[in-house]
Amino acid sequence: MGARRFAFLGLVVLALVYPLLVAGLPVYERLGALVLLGAIGASAWNIVGGYAGQVSVGHAVFFGFGAYSAVVVYTHLGWPPIAGAPIGMALSVLLAAVIGVPTLRLSGHYFSMATIAVAELVRVLSSTFEFLGGAQGLGGPAMPRTVFDLSFLSATPFYYIFLAVLAFLLGLTWWIENSRMGFYLRAIKDSERAARSLGVSAGRYKLYAYMLSGAFTALAGSLYLCMFGFVDPESGFGILISVKMVVMAALGGAGQLFGPLVGAMILVPLEELSNSWLGGRGAGLTFVLYGAIIVIIARFLPSGLLSLFERRPEAPKAKPGATNVADGHAD
Amino acid sequence: MSMTLVQVIVSGLLLGAVYALFSSGLTLIWGMMNVVNFAHGDFVMLGMYTAVVVWTALGGGPFAAAPIAAILIATLGIASYFLLVRHIMRGPMLAQILGTFGLALFLRYSAFWYFGADFKTLPDTLVGGSFVIAGIRFEGARVLAGVSGLAITLLLHVILTRTMVGSRMLAVSEDATAAQLMGIRPQRMQALAWGMAGAATGIAGALIATFFYTSPTVGETLAILAFVTVSFGGFGSVLGALVAGLIIGVVESLSAYLIGPVYKDVVVYLLFVLVLWFRPQGLMGKA
């Protein structure tokens, strides 16, 4: 355990001093902030997708709610964008309840399909509202009016804001992991039917996880808007936003506290590199790579990279299809 | 009923038959092995690009493109089964979903990288322009696509329910172990299902390309349409997919005509959410 604690402390120290190490190199300052923002989104997804095992592929719907709430309070009320974050989070909790009650009854593949469809529905609808800027989207303040507009010359202030949010989110996740709810979620993930038969109200805990996950994904959306100052239906609600959250968490290790952060530390620099090296077409190649990474993880390493460092006795191999029969159908 | 409304319903039915064709592949695989192929829409997209390439490189129409697309996508399906799906089926739920989802991204952005983002269309005159019967205007391409879609979906249904191969596949889907004891090889049947699904999907793609724009991301929209059709018709039922495809084609055409083209997707997605809410087993599925 000593080595693990040492690695953790090293990571914390590195996270705190990173901006000092790269001071004066705007590309790397920005990269650090982007890694943390990606980690916030993926860690939020991890609560419902990793711990509860409900694989949402439509989390962009919450991200978009957060981003649009931030830009709408600026455009229509003149407030600083960050003031939209609590509104976006509240709306997302509400939305999670509306989506979750019918769809969380579905299991496995059905739930994933439903989340994709809901996100697409919202994306198409959002481009028809003049209030949300239609297909063109909306922009935040061009010039900072007060410090609350969070408009900075360098990315370093964003870095520390994101770091604080991520630390809070990971702390909360750690607390849940070790609470009664954490045990319930793991039980549901292993076998919902078994968990139910032991008296876990699976529906309720899945919904709690979904709402919490939605709220923090919305916060990631609002923070994104503060940093980038612009959102349109594609960058808010597009399926690639959902994909990034899932891939980061799955690469590092879904259902593991630091899995999403590890995934973000690998994938965000990769994306930035291929975008700057390959230009416009690089965006396409990035996602070819993402697709290949997802396939390889699913095929060879379904528990993610962090599982490589775990020393755990080999779990007995499940019989082929044994869990599918129990959990593969809507009940 | 006004003539325009009849026109709208007829084109909806023709479109719906094509939806039925490409959805039947998805429902076949689900019925065989409880796996959703999230790359399904991108299989259709590759079928469409096959038609575009056959036309630009060889000058061939859909009659040349459809068999080529059928062979290509069937091969892709069988390869996906042996290299990926066969292994992830036994893994955790996350791996089952992410596996084909990753394949979807890989295919979609490979097409994006290779063909570019711009929309490609085949010439209108490729399938004999349009004609008018009893005051209703028919476009050659849509009639060909609709009629072939209907015929091939029915053929697939007949193969699955009336032939020896179909019975073997049914046996594997009911109980793979028992089927194996009866001398049926489950993996061979499952691979066959992926091949048949791929062939149907490839043909559907080649047909759609004659009247629809082809782009790398078209698969996303088509995948959702297939999810809607399959959940509406009941997972695993080809006949259900046929009925549901026709209904969705008409609903889409009617809502585009009555509410506005932008809202046709909205109406179909809402329908999906309602079906999942109230009848997750589908219209024709067993409760």
Practice item. Residue by residue through the stretch B:26-62, note down the ones that are of a type in the set (Phe, Trp, Tyr) and either closer than 14 Å to B:Thr210 by Cα or not in a helix (DSSP H, G or I) (or both). Key: B:Phe38, B:Tyr49, B:Trp55
Review point. Restricting attention to the stretch B:260-277, does a residue exist that is under 17 Å from the mean Cα position of the chain (by Cα), at pLDDT 85 or above and more than 25 Å from A:Arg105 (Cα to Cα)?
Key: no
**Study point:** Residues being among the hydrophobic types (A, V, I, L, M, F, W, C), within 14 Å of chain B (Cβ to nearest Cβ) and touching a Leu at 6+ places or on another chain (Cβ under 9 Å) - total across the stretch A:34-46
**Key:** 1
Check your understanding: Picking from B:Thr75, B:Thr4, B:Thr50, B:Thr56, which residue would you name as being farther than 22 Å from B:Phe138 by Cα and modelled with pLDDT under 90?
Key -> B:Thr56
Point to revise | Matching helices (runs of 4 or more DSSP H) fully within the stretch A:191-253 where at least 3 residues are of a type in the set (S, T, N, Q) | key: A:202-228
Point to revise | Number of the condition not met by B:Arg188 [criteria: (1) closer than 22 Å to B:Ser80 by Cα; (2) in contact (Cβ under 8 Å) with a residue 12 or more places away in the chain; (3) out of contact with any Ser or Thr (no Cβ under 6 Å at 6 or more places or on another chain)] | key: (2)
**Study point:** Complete set of residues in the stretch B:114-145 that are part of a helix (DSSP H, G or I) and over 24 Å from the mean Cα position of the chain (by Cα)
**Key:** B:Thr125
Practice item. Hey, can you tell me all the residues within the stretch B:66-103 that are polar (S, T, N, Q) and either within 10 Å of another protein chain (Cβ to nearest Cβ) or over 19 Å from the mean Cα position of the chain (by Cα) (or both)? Key: B:Ser80, B:Gln96, B:Thr100
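This table checks each residue for (1) polar (S, T, N, Q); (2) surrounded by fewer than 16 Cβ atoms within 10 Å (Cβ to Cβ); (3) under 17 Å from A:Val93 (Cβ atoms); (4) modelled with pLDDT under 90.
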position	(1), (2), (3), (4)
A:Tyr184	no, no, no, no
A:Glu192	no, no, no, yes
A:Tyr205	no, no, yes, no
A:Ala209	no, no, yes, no
A:Leu212	no, no, yes, no
A:Phe216	no, no, yes, no
Check your understanding: Only one residue in A:Ala97, A:Ala142 is farther than 24 Å from A:Gly203 by Cα and either touching a Leu at 6+ places or on another chain (Cβ under 8 Å) or surrounded by fewer than 24 Cβ atoms within 10 Å (Cβ to Cβ) (or both). Which one?
Key -> A:Ala142
Check your understanding: Out of A:Lys206, A:Lys189, which single residue is under 18 Å from A:Ala97 (Cβ atoms) and of a type in the set (Lys, Arg)?
Key -> A:Lys206
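The rows are residues; the columns are (1) farther than 26 Å from A:Glu130 by Cβ; (2) more than 10 Å from chain B (Cβ to nearest Cβ); (3) among the acidic types (Asp, Glu).
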{"residue": "A:Tyr224", "(1), (2), (3)": "no, yes, no"}
{"residue": "A:Phe228", "(1), (2), (3)": "no, yes, no"}
{"residue": "A:Asp232", "(1), (2), (3)": "no, yes, yes"}
{"residue": "A:Phe258", "(1), (2), (3)": "yes, yes, no"}
Exercise for review: Hey, can you tell me all the residues within the stretch A:140-174 that are within 18 Å of the chain's Cα centre (by Cα) and among the aromatic types (Phe, Trp, Tyr)?
Suggested key: A:Phe158, A:Tyr159, A:Phe162, A:Phe168, A:Trp174
Review point. Here are some conditions: (1) in a helix (DSSP H, G or I); (2) within 29 Å of B:Phe82 (Cβ to Cβ). B:Glu252 meets all but one. Which one does it not meet?
Key: (2)
Review point. Among helices (runs of 4 or more DSSP H) lying entirely in the stretch B:148-237, which contain 3 or more residues that are at pLDDT below 90 and crowded, with 24+ Cβ neighbours inside 10 Å?
Key: B:218-233
Point to revise | Residues located in the stretch B:19-53, provided they are more than 17 Å from B:Trp113 (Cα to Cα), over 15 Å from the mean Cα position of the chain (by Cα) and aliphatic (A, V, I, L, M) | key: B:Met32, B:Met33, B:Val35, B:Ala51
Exercise for review: Specify which of the listed residues (A:Leu106, A:Leu91) is in a helix (DSSP H, G or I) and surrounded by 14 or more Cβ atoms within 10 Å (Cβ to Cβ).
Suggested key: A:Leu91
Review point. If we scan the stretch A:124-140, do we find a residue that is over 30 Å from A:Gly78 (Cβ atoms), part of a helix (DSSP H, G or I), among the hydroxyl-bearing types (Ser, Thr, Tyr) and within 12 Å of chain B (Cβ to nearest Cβ)?
Key: no
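The values are calculated or read from the model by the stated rules, or taken from the named source; none is laboratory data. Predicted model, so just to flag it, every value in this text is computed and none were measured. Cβ coordinates were reconstructed from backbone atoms using ideal geometry, including for glycine residues, and neighbour counts include every protein chain displayed.
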